[in-house]
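**Student:** Sharing a structure here in structure tokens format.
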Amino acid sequence: MTSGRGALTALHLLLVWAVTAVAVPTLGFGLLVSAWSGGAGAAVPVFAVGVPLMVGLLAAAGLPVRTVVPLCGSARQRFGWAALVFVLGTLGVLAGLAAYGGDVDLGSATTRIVLTGVPYAVAAAFFVPNRWVRLGAVAALGVAVAYGGFVGPARSEVRRHEAEVAWYQEHAELLYLGAVPPGMEVSRAEVGPAYFGVDYRTVRQDAFASLLVRPPLTPTPRCPEFEEKGVTCTVDAHGEVRTVRELADGGRAVTLTRLHGGAEAEVTSQTVDESGLRRLLNTLHPLSDTELEELMREKKIDHRT
């Protein structure tokens, strides 16, 4: 390709990009406004006028290369070429919208407008009878597919994961976990606006214990007043509150509550004995990143607003 033909080709592709980068967002905005204000029927006239206008603008962009691109040699051929470029470029724009809808980062609003014209310029490049121009178009298409189909979604997933972790760690001062009682496993954890709860269960679901970490209910540990019968409560010298509820079936539920740092930790169970509950309290430690990742991976943690 001579320097003159190369300059014409560059001007041609630049014109295709510039025309579509301006016209396509304008057409899309017009369709959106008309559909929003008057329903889908109101968008039909805008579409019927906008599409032929777009094809006409693209045909005009093909004028500089009527001696370079065979399909732009005559007016009839240029309009056929323009229709092909419009269809192929629009497919690229729709693919970009699908990627953007999948939370793939496409930059700022200005960047997205600039990118709108790229699929049309790439489509036009495939019609230029030059190996290097077409190789450039293939490379651009490959980059777009790789980013939109693989790199972008992977980065989006990382951002979502980081946002979810930050969401769970919003009240990190309450995120404490104790050693799992023997024979049990963490079955569920829940982060609330002012609490962190963990349920421990056996595999057969025949034993249960729960941990609740929250801001202290009172400045100093004390027994609350219970209206129901069969409840006893004591506070030892270390400030641990022990509450026992006698159950109708003859069993009992034991609750131990103590201050832990700036939070109040409470463990309750009908099946784990007091020594096991105290071991749970004695082994409380801040929830580590590894433990949080494991809970998230196994879908055992939830967030409640």
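**Student:** Could you check, for the stretch 181-196, whether at least one of its residues is in the same structural domain as L284 (by TED's automatic domain parsing), touching a helix residue (DSSP H, G or I) at 6+ places or on another chain (Cβ under 7 Å) and among the hydroxyl-bearing types (S, T, Y)?
**Tutor:** Scanning the stretch 181-196 turns up at least one residue that is in the same structural domain as L284 (by TED's automatic domain parsing), touching a helix residue (DSSP H, G or I) at 6+ places or on another chain (Cβ under 7 Å) and among the hydroxyl-bearing types (S, T, Y).
**Student:** If W17 satisfies every condition in (1) surrounded by fewer than 18 Cβ atoms within 10 Å (Cβ to Cβ); (2) modelled with pLDDT of 95 or more; (3) not basic (K, R) but one, which is the exception?
**Tutor:** (1)
**Student:** Could you check the stretch 217-270 for strands (runs of 3 or more DSSP E) lying wholly inside it with 3 or more residues that are under 19 Å from L284 (Cα atoms) and not acidic (D, E)?
**Tutor:** In the stretch 217-270, 252-260, 263-269 are the strands (runs of 3 or more DSSP E) which contain 3 or more residues that are under 19 Å from L284 (Cα atoms) and not acidic (D, E).
**Student:** Given the structure, is A139 touching a Phe, Trp or Tyr at 6+ places or on another chain (Cβ under 8 Å), outside the structural domain of L212 (by TED's automatic domain parsing) and either among the small types (G, A, S) or outside any helix (DSSP H, G or I) (or both)? Before you say what the answer is, go through the steps one by one.
**Tutor:** Working: touching a Phe, Trp or Tyr at 6+ places or on another chain (Cβ under 8 Å): no; outside the structural domain of L212 (by TED's automatic domain parsing): yes; either among the small types (G, A, S) or outside any helix (DSSP H, G or I) (or both): yes.
It is false that A139 is touching a Phe, Trp or Tyr at 6+ places or on another chain (Cβ under 8 Å), outside the structural domain of L212 (by TED's automatic domain parsing) and either among the small types (G, A, S) or outside any helix (DSSP H, G or I) (or both).
**Student:** Got a number for residues in the stretch 207-239 being in contact (Cβ under 8 Å) with a residue 24 or more places away in the chain and either more than 37 Å from the chain's Cα centre (by Cα) or not assigned by TED's automatic domain parsing to the domain that holds M184 (or both)? Please lay out each step first, then the result.
**Tutor:** The initial filter retains those residues of the stretch 207-239 that are in contact (Cβ under 8 Å) with a residue 24 or more places away in the chain, namely 207-217, 221.
Going one step further and asking which of them are either more than 37 Å from the chain's Cα centre (by Cα) or not assigned by TED's automatic domain parsing to the domain that holds M184 (or both), we end up with 221.
Going through the stretch 207-239 one residue at a time, the tally reaches 1.
**Student:** So G117 fits all but one of (1) within 34 Å of the chain's Cα centre (by Cα); (2) more than 29 Å from G142 (Cβ to Cβ); what number is the exception?
**Tutor:** (2)
**Student:** Out of the residues in the stretch 271-292 that are among the polar types (S, T, N, Q) and within 40 Å of the chain's Cα centre (by Cα), which is nearest to F196 (Cα to Cα)? Let's see the steps before the verdict.
**Tutor:** Of the residues in the stretch 271-292, the ones among the polar types (S, T, N, Q) are 271, 275, 282-283, 288, 290.
From the residues that got through so far, the ones that are within 40 Å of the chain's Cα centre (by Cα) too are 282-283, 288, 290.
Details: N282: 17, T283: 16, S288: 14, T290: 17 Å.
Filtering the stretch 271-292 for residues that are among the polar types (S, T, N, Q) and within 40 Å of the chain's Cα centre (by Cα), the one nearest to F196 (Cα to Cα) comes out as S288.
**Student:** Within the set of pairs 6 or more residues apart or between chains, which connect a residue that is touching a residue at least 40 places away in the same chain (Cβ under 8 Å) inside the stretch 152-176 to a residue that is outside any helix (DSSP H, G or I) and among the hydroxyl-bearing types (S, T, Y) with Cβ atoms less than 7 Å apart?
**Tutor:** These pairs meet every condition: L174/Y195.
**Student:** Ok, one more. Counting just the residues of the stretch 84-117 that are of a type in the set (S, T, Y) and closer than 21 Å to V51 by Cβ, which one comes out surrounded by the most Cβ atoms within 10 Å (Cβ to Cβ)? Before the answer, list the steps.
**Tutor:** If we filter the stretch 84-117 for residues that are of a type in the set (S, T, Y), which is where we start, we get 90, 100, 108, 110-111, 116.
With the extra rule that they be closer than 21 Å to V51 by Cβ, the set shrinks to 90, 116.
Details: T90: 17, T116: 22.
If we take residues in the stretch 84-117 being of a type in the set (S, T, Y) and closer than 21 Å to V51 by Cβ, then T116 is surrounded by the most Cβ atoms within 10 Å (Cβ to Cβ).
The values are calculated or read from the model by the stated rules, or taken from the named source; none is laboratory data. Predicted model, so just to flag it, every value in this text is computed and none were measured. Note: ideal-geometry Cβ built from the backbone for every residue, glycine included; neighbour counts use all protein chains shown.
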